[in-house]
Amino acid sequence: MRRPVASLLALLLLPAMLMAAPTGSERRPEPSAVPGLPAFARAVAPAVVGLRVQVPSDRPSAATLGVHRSGSAVIFDPAGFAVTVSYLLLDAQHITVALQDGRRVPARLVGLDLEAGLGVIKLAWPGPWPAAPLGDSTAVAAGDRTGTLGVTDEDELVATHGRVIEIRRYSAPWEYLLDRAFIVSPANPAFGGGALVGPTGQVVGITSLRLGERTLVNLAIPIEKFLASKDELLARGRVESRRPRPWLGLSTETRDGGGVVVQGVSPAGPAARAGFRRGDLLVTVGGRSVSSQEEFYARLWEHHVGEPVEIVIEREGRRQTITVRPADRYRVYRTTEK
């Protein structure tokens, strides 16, 4: 994921921006001026905006994600609601939206869906704002042509014309699993929170990560993951109807030849308090063996938040059992202003 870049100027100008809120309609950029913009993506371009996020240094996510973060968001409602990736907004205190016409607009955190990896903000100034149409991502297939739109740290809109080359499950080290993800090529350098646009000109995904080494691709979260819980997320700040996934605060990877190795331990998570260390090999969870990261998640998520879970690890050639009570991440991190 892209490293955050400081945006101190936006923070210094925040009081002035609040005083200068416009009363008329917004000035829209000219999307046809963006080099390489596919014709079918032009209707979405005015709704793709830049984000600048400040997080207090004492918040749990600051150590790993930084206190200054930047990326993109997609306005989906003329009232000023916009969707982006959750890692940009985790523990957010101040949010500023950068529009294509050069204006800076303060925004507030509405809520996060950490299971999907998405979040919503609300622009503070009155609209109507340019809104992108959200499409049917369930119909997307490998080989479909796409346009990827994102905003750089310099507030420039970047468009990439490509294709969905693969649709698959994706598991990440930070206790995250997406059962259906789009792999898009070529990669757009402004990927975090950008729009994946289908051939009918509708948003079918939100770009989240850049993957690969020599040949880079983007991972996009299907918009179906957002639409399924949008109303509840806007109303409550989280998806309360879905049982929260038990969270330990471990970063892991699957070892070559099988096995799950701890690569990092969050100081804010229950795993740190229980005594897990970097280098521990996870052997069993709740009495059941784990040989891959996905299998580890499946075993862990069978349990409930607060329920004691016995995990057998191997450390320095010896096995030992650690009992840990998984937490609800929504009570650890700041996920809404409500």
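Since every read-out is calculated from the coordinates, none of them should be taken as a lab result. As the structure is a prediction and not an experimental result, all values here were calculated from the model. Using ideal geometry, Cβ is built from the backbone for each residue, glycine included, and neighbour counts are taken over all protein chains shown.
Tabulated values for the structure
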read-out	value
Relative counts (whole %) of C-alpha pair distances in segment 87-157, using bins that are 5 Å wide	3, 11, 17, 21, 23, 14, 8, 3, 0
Cα-projected label distance for Arg277 with Gln93, points at 7 Å along beta-carbon direction, nm	3.4
Relative contact order of segment 250-331, pairs being alpha-carbon contacts under 8 Å that are 6 or more residues apart, as %	26
Segment 119-189: Rg to Rh, with Rh as the Kirkwood radius over Cα pairs	1.02
From phi via Karplus (6.51, -1.76, 1.60), per-residue ³J(HN,Hα) for segment 282-296 in Hz, x at Gly/Pro	7, 9, 9, 10, x, x, 10, 5, 10, 10, 8, 4, 4, 5, 4
Hz values of 3J(HN,Hα) by residue in segment 204-215 - Karplus curve (6.51, -1.76, 1.60), Gly and Pro given as x	10, x, 10, 5, 10, 9, 10, 10, x, 10, 7, 9
Rel. contact order, % - alpha carbon contacts under 8 angstrom, at least six apart, the chain	15
Using alpha carbons only: equivalent-ellipsoid semi-axes of the chain, gyration tensor based, whole Å	36, 23, 17
Globularity index of segment 250-331, i.e. its alpha-carbon radius of gyration over 2.2 N^0.38 Å	1.00
Footprinting exposure proxy for Ile223, Ile165 (fewest neighbouring C-beta atoms within 10 Å first)	Ile165, Ile223
Vicinal HN-Hα couplings computed from phi for segment 55-72 (Karplus, 6.51 cos²θ - 1.76 cosθ + 1.60; Hz; Gly/Pro x)	10, x, 5, 8, 7, x, 7, 4, 5, 9, 9, x, 9, 10, 10, 9, x, 10
Spin-label model distance (nm) - Asp179 vs His304, 7 Å beyond Cα toward Cβ	2.1
GluC sites (Glu not before Pro) lying in DSSP loop within segment 282-338, provided at most 15 other Cβ fall within 10 Å	Glu302, Glu316, Glu337
Modelled FRET efficiency - R0 45 Å, Glu314 with Thr200, Cβ distances, 0.05 increments	0.30
